[in-house]
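In what follows, a structure is listed as structure tokens, so that the remarks can point back to it.
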Amino acid sequence: MKPMNSRFVKALFAAIAAIAVLTPAAPRAAYPDRPITMIVPFAAGGPTDVIARIVGESMSRTLGQQIVVENVAGAGGTTGITRASQAPPDGYTIMMGHMGTHGAAPAVYPNIKYDPVKDFEPIGLAAGTPILIVARKDFPAKDLKAFMAYAKQNGSKLNEAHAGVGSVSFTTCTLFNSLVGVKPTRVAYRGTGPALNDLVAGQVDYMCDQIVNLVPQIQAGTIKAYAVALPQRSPALPDVPTTKEAGMPEFQVSAWNAIFAPKGTPPDVTKKLNDALLKALKDPGTRKRILDLGGDLSNEAAQTPDGLRKFVEGEVVRWSKALKGAETAEAK
Ligand code: MLT
């Protein structure tokens, strides 16, 4: 066969290239065209999981595709968030982060594999989650003052449950313990969902946890609630005093849970996700489920991507100051 003349070959390639340029790229299928995975960095049944499933359900209706929760627990939530931060930025992997993973974690994990501000596209705040001090129902103290006196006497004999170094329960109880002046045995769980089961069973003595995990058990009387770390009582638990009323005005702290996507997720995708989140947070049924569990939906500024970015920047600074010098290494 006679060799092809080079000018013809060049013309052929030029024609192919021109056709390629002129042929518009296949439009990216309208997002979303398949289910979306939401990584929850703690065990199922805990506060972050509860918030993720409530807003995820409503967002699925708006997006027309299922949001499927995948629980990836470990290292106070940083295992799941690290994995999510490295997922393809295509909108099909998002995550529920919180005050621990995107606020306190850099202060307790010097070698953390992500930057809470730089490595994520913020979608929006899902809910504020006030903190309560709770104990097993037969704990030998009738109120917070008696608890503090007993704790000072019995220090390391006490077992405090938490969800891993850097988690909300660990971080807030680090502050609480230093204010009380107690060094308990700190028992790590993969989330405060399983920790609560052991508290109800009396296997551990106390914990600091997010209200949305606790309301049903407190209302059922299966655990004791000493105080809520807010300036005013929670409408979901009107009988539970504030820390100020209970004699510890200096312990004021509230947590939060928010949705993030990996860095580089396209703006039209993050907008769709934020629109679906805002619609969920305005939906009367969704709001009622969160408010009945004591969740706080008042911080509307942080429900926007820019607002959440600024909020996270402030939280990283706040916790690096608050935890400076605090004993954050796990006792056991
Ligand atoms: C959970 O969902 O288990 C919590 O958010 C854990 C924590 O940070 O205390």
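Any read-out appearing in this document is the output of simple, stated calculations on the displayed coordinates, not a laboratory observation. Here the structure is a predicted model, which means the values were calculated and not measured. Cβ: placed from backbone, ideal geometry, glycine included. Neighbour counts: every protein chain shown.
Things to note:
- The equivalent ellipsoid of the stretch 158-203 has semi-axes of 17, 13, 7 Å, largest first, where each one is the square root of 5 times an eigenvalue of the Cα gyration tensor.
- Angle between the chain longest axis and helix 144-154 axis [Cα atoms, degrees, rounded to 10]: 90 degrees
- Cα coordinate range in the chain, projected on the principal axes (Å, largest first): 98, 42, 33
- Pairwise centroid distance, computed over Cα atoms, of the stretch 267-290 with the stretch 191-214, Å: 29 Å
- Pairs from LYS183/LYS321; LYS145/LYS244; LYS142/LYS224; LYS113/LYS263 whose Cα-Cα separation, in the structure shown, is over 18 Å: LYS183/LYS321
- For the stretch 234-289: rounded, prolate or oblate by the Cα gyration tensor [a/c cutoff 1.5]: oblate
- Helix 267-282 and the longest principal axis of the C-alpha atoms of the chain enclose an angle of approximately 40°.
- Per-residue HN-Hα couplings for the stretch 201-213 [Karplus 6.51, -1.76, 1.60; θ = phi - 60°; Hz; x = Gly/Pro]: 7, x, 6, 10, 9, 7, 7, 9, 8, 7, 3, 5, 8
- Of GLN66, GLN210, GLN153, the one that fluctuates the most in a GNM where the chain has Cα springs shorter than 10 Å: GLN153
- Shape call, the stretch 222-331: gyration tensor on alpha carbons, a/c limit 1.5: oblate
- Amide H partners (placed H, <5 Å) of GLY46, local residues excluded: GLY193
- Cβ crowding within 10 Å averaged over residues, with 277-285, 165-173, 301-309, 199-207 ranked highest first: 165-173, 199-207, 301-309, 277-285
- The residue among TRP319, VAL134, LEU144 whose Cα reaches farthest toward the positive pole of the charge dipole of the chain, with charges on the beta-carbon of Lys, Arg, Asp and Glu, is TRP319.
- Test item: Cα-centred dipole of the stretch 202-311, Lys/Arg +1 and Asp/Glu -1 on Cβ, debye: 400 debye
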